[in-house]
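Before any comments, here is the structure.
Laboratory data are not the source of any read-out in this text; all were calculated from the coordinates shown. What you see is a predicted model, and the numbers here were worked out from it, not measured in a lab. With ideal geometry, Cβ positions are generated from the backbone for all residues, glycine too; neighbour counts draw on all protein chains shown.
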Amino acid sequence: MLTFYLRDGLIAEIEKKITEAFEVFDRESNKTVDGREIGCIIRSLGCFPNEAEVQELLAKIEEPDGFVHLENFLRVMTEVLLDRRFQPIPEDVILHAFEALDENKCGYITKEDLVKHLTEEGERFTQEEMEDMLVVALDPETNTLHYRDYRTKLVVDETKIFPFNV
Amino acid sequence: LGTLSSPNSLRGLTFKAAVLIQQWYRRHVARLEMRRRCTWRIFQSIEYSCEQDQIKLHNFFSYLMDQFTPSSSKERDFISRMFISGESYKEAELEKYCDYESIEVPDSYTGPHLSFPLLPDHATALLEAFQQKQQLHARYVLNLLHETRKHLKQLPNISHVSTCYSEEVTVCGDLHGQLDDLFLIFYKNGLPSPSKSYVFNGDFVDRGKQSLEILVILFTFLLIYPKEVHLNRGNHEDHMVNLRYGFCAGLSTISRVHGKKILRMFQNVFCWLPLATLIDQKVLIIHGGISDTTDLEMLEKIQRDKFISVLRLKKRKESSRKPQIEAVNGESEAGTDAAGNEAAPRLSLQPQSAQAPNTANRLEFSRWLRQTVQEQIDTCRRLMDISESEPEELTYSSVVSLKDVDEPCWTRQEEWKQVLDILWSDPMPQEGCRENKVRGGGCYFGPDVTEKFLDKYSLQFLIRSHECKQEGYEFCHNRKVLTIFSASNYYEIGSNRGAYYQANKTAHMLTMTQRISRVEESAFRALREKLFAHTSALITAFRSYDGDNTGKITLSNWATAVESVLRLGLPWRMLRPQLVRSTEDGMLEYKSWLDDLAMEQRSQEHIQSSLLEVIYRNRSNLETIFRIIDRDHSGLISFEEFQQTWKLFSSHMNIELTDDGINDLVRSIDFNKDGNIDFNEFLEAFRLVKQRPS
């Protein structure tokens with residue numbers, strides 16, 4: 001019941017942002033989007049859901065044919081943004097996560113370990129996701145990931161381009 | 001994340017860590033994907049709005065023809081010159097004019113030599129030469145064009161290919177002058193040969209820098225393996241389009257002396273290119289698409305060489321006024337329009353407009369004629385008003401170029417529409433068939449149109465090109481239509497892959513992030529230029545949201561205002577961080593934002609800023625007009641012609657410009673050639689064209 005206290009304009013603005021993001025993925029310009037792209041859209045609106053959370057959301061709005069209609073997405077997503085769900089993962093938390101995989105605490109993770117953890121544990125990476133990450137993240141000479149540098153690099157890229165403020 | 005104690009909790013720890021990293025990484029990838037798609041959208045919307053300009057320009061000419069009452073015989077001449085140029089020559093005249101035999105090849109020439117009939121060795125020599133950036137001598141180019149023309153003339157409008165003769169057929173889409181992509185295709189797929197057929201589906205030229213080389217190679221293979229190599233005409237194999245998109249300019253830099261002849265020959269070769277290819281009576285390959293009126297039987301019968309440009313208006317002064325009336329009621333009397341002037345022949349009319357009334361009643365006919373003429377004028381007027389941004393009902397006031405005007409115009413109209421649809425249409429996901437307003441020519445055709453068409457002619461499948469696709473290819477309409485686009489990196493390095501119909505993917509050279517940044521930069525630069533070009537309209541729009549005259553507006557209103565002016569259908573809120581750098585309390589100081597944009601475009605300060613804006617907004621139209629006027633393709637037009645062009649252009653574009661304004665403009669250009677202006681200098685001075693590589 002937060003909405004009662006917010007400026008009218010804010011909701012309208014949020015809805016416009018959601019609609020814009022949705023339409024970028026609306027290939028056929030008919031206000032529907034392939035369900036498999038919903039995760040991408042949600043994330044590009046500033047949210048950090050994990051796969052389970054995406055699926056949960058999707059289950060609420062997916063049609064039998066696998067598509068999602070704008071009006072349903074709008075309804076659900078507006079709430080998500082107003083409730084500030086799926087907040088960004090703080091930098092230090094990510095750092096600790098990498099450190100947890102760095103058994104010897106040497107500041108880097110070997111390619112083999114990285115692949116093992118990320119493709120076998122957690123919400124597993126697909127082959128393609130793993131390869132894409134390795135291409136950028138690995139230091140080609142040592143075949144290791146220096147996670148501090150990597151994390152900094154990605155953070156810089158992001159904030160430079162899309163500082164999203166509700 | 002918890003504390004370490006036992007192996008189990010350690011595993012639990014790494015599990016949680018993995019989840020976090022994956023979550024975080026996927027977010028990063030999603031952002032990249034969004035950026036990629038936004039950038040793509042930017043390029044596409046700008047490109048299509050350019051194509052719209054092309055059609056607007058053409059309508060402008062038609063409008064001129066109808067409306068402009070020259071105040072002096074000089075002006076009259078000037079106007080008619082714009083249209084009578086580009087005569088299509090009779091056979092003998094052409095041979096004489098574009099004669100190559102008298103051209104000597106100097107001993108110093110180190111490029112490849114051609115002799116006819118061509119042999120596979122010639123093709124290899126050419127490929128090697130072009131790889132080493134050599135050029136083919138004009139004499140050989142002309143010779144090749146003559147032979148090509150002879151060959152093409154005997155081909156039917158629709159080529160037939162049978163796979164029982166060659167084992168493979170490879171279909172390539174738009175190449176747009178990108179020679180490296182053609183090399184790549186040949187390298188990966190092999191050269192054309194008796195066991196390897198190729199179909200090149202149009203748009204060989206324009207935009208890329210090596211259009212001439214591509215044509216030479218394609219024509220060479222065409223002549224060596226006439227049964228195996230097939231070329232379809234694209235919408236860019238069209239003189240009017242070439243003028244705008246760089247093919248003509250490119251030719252004149254290659255050979256100042258012979259460029260004109262070569263260009264003439266190309267005009268006459270392009271119109272002989274077949275319109276479609278049919279494989280095994282089952283797969284139809286056309287450049288653009290189809291419409292609900294596409295009739296293969298009609299297409300097979302028309303004289304395709306009559307359509308030098310589907311966008312070009314061409315008339316013969318004396319005889320043109322008569323046939324229309326003659327054909328209808330046998331009398332040789334020209335009708336008059338409302339103004340009492342002799343009616344410009346209405347060779348073009350909206351296909352859907354009222355049918356010609358019962359021709360026995362001449363009075364009724366005249367009235368109808370006057371009415372449709374008036375409608376046309378009104379439409380043109382509306383189209384010319386650039387401040388109006390409603391999507392218009394497009395009327396085809398463009399006409400075919402006719403070699404003779406004896407036959408009734410109505411048939412010509414139908415034939416022309418058939419060709420236009422084949423070359424310019426695009427598929428759409430919705431059912432039905434409607435005018436392609438984005439491009440300004442052809443139709444959007446839906447899956448039902450495809451289905452009906454394939455059914456009618458017992459076909460299985462349509463292959464077409466004409467649209468750039470990010471992956472180089474795309475299926476639609478239940479996989480019954482395949483779009484193939486072969487020019488990779490079409491908008492910018494990394495913007496898209498090229499493909500040919502063996503679903504091949506080109507290799508990644510850069511990482512995904514690097515590619516996206518580069519393309520993004522390019523897209524945003526183009527977008528900022530567009531914004532600058534609409535400064536006045538933007539200020540007006542912003543002001544409407546700033547009732548208290550504070551000089552600031554909210555970011556939300558900024559987005560709405562920008563879309564209402566530019567009408568590109570872009571996600572402005574997503575793009576805003578790249579376009580608007582600094583805000584105060586979520587409010588934007590719009591004047592200083594626009595000033596920043598202006599500073600980026602290195603402008604000439606002493607020129608009236610609104611004039612500059614106008615130049616930017618209409619730059620491609622201006623360039624096209626200049627090139628049309630410059631009939632000998634020398635790059636020079638007289639001072640007077642320049643002034644006249646400018647006056648005409650500005651008066652019909654509703655631009656206010658004083659004579660002083662024009663003079664200032666001219667004075668700022670260095671013209672020391674006896675009253676002639678090198679308009680390339682003019683255009684480059686205002687950064688209206690990209691520097692062409694020498």
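What is the extension gain from residue A:135 to residue A:69, computed as 0.36 nm multiplied by their sequence separation minus the C-alpha to C-alpha distance, in nm to one decimal? Can you show the working numbers first?
On the way: separation 66, 0.36 × 66 = 23.76 nm, distance 3.52 nm.
That works out to 20.2 nm of additional length.
Could you tell me the relative contact order of the range A:91-153? Use alpha-carbon pairs under 8 Å, at least six residues apart, and round to a whole percent.
37 percent
Measuring from label point to label point, each 7 Å out along Cα→Cβ, what is the residue B:524 to residue B:581 span in nm?
In this crude label model, residue B:524 to residue B:581 measures out at 1.1 nm.
In this model, which of A:17/B:552; B:150/B:417; B:306/B:417; B:456/B:480; B:227/B:301 are farther than 19 Å apart at the alpha-carbon?
Table pairs above 19 Å Cα-Cα are A:17/B:552; B:150/B:417; B:227/B:301.
Between residue B:546 and residue B:595, what is 0.36 nm times their sequence separation minus the Cα-Cα distance? Round to one decimal in nm. Please list the in-between numbers first.
On the way: separation 49, 0.36 × 49 = 17.64 nm, distance 1.78 nm.
Going from the current span to full extension adds 15.9 nm.
Once the convex hull of the alpha carbons of chain A is built, what does its volume come to per residue, in cubic angstrom?
147 Å³
Tell me, what is the FRET efficiency for residue A:120 and residue A:142 to the nearest 0.05, using R0 = 22 angstrom and their Cβ-Cβ distance as r?
0.45
Give the average, rounded to an integer, of partner chain Cβ atoms located within 10 angstrom of each Cβ in A:39-51.
Mean partner-chain Cβ count within 10 Å for A:39-51: 5.
With θ set to phi - 60° and the Karplus curve 6.51 cos²θ - 1.76 cosθ + 1.60, what are the ³J(HN,Hα) couplings of the range B:456-463 in order, to the nearest whole Hz, using x for Gly and Pro?
Each residue's phi maps through the Karplus curve to give 4, 10, 6, 9, 9, 6, 10, 10 Hz.
Once fully extended, how much extra length lies between residue A:112 and residue A:82, figured as 0.36 nm per residue of separation less the alpha-carbon to alpha-carbon distance?
On the way: separation 30, 0.36 × 30 = 10.80 nm, distance 4.11 nm.
Extra length available between residue A:112 and residue A:82 comes to 6.7 nm.
Could you work out [θ]222 nm for chain A from helices alone, using -39500 (n - 2.57) per DSSP H run of at least four and dividing by all its residues? Round to the nearest 500 deg cm²/dmol. Before the final figure, lay out the partial values.
On the way: 8 runs with 95 residues, N = 166.
Calculated mean residue ellipticity at 222 nm is -17500 deg cm²/dmol.
For A:68, A:33, what's the fewest-to-most ordering of other Cβ within 10 Å of each Cβ? Write out the running numbers ahead of the final one.
Numbers: A:68 26, A:33 23.
Final ranking by Cβ density, sparse to dense: A:33, A:68.
Quick one: which residues, 5 or more positions from residue B:434 or on another chain, have an amide H under 5 Å from its amide H? H modelled 1.01 Å from N in the peptide plane, none for Pro or chain starts.
B:444
What area, in nm² and to one decimal, does the C-alpha convex hull of the range A:91-153 cast on average over all directions?
So the Cα hull casts an average projection of 4.2 nm².
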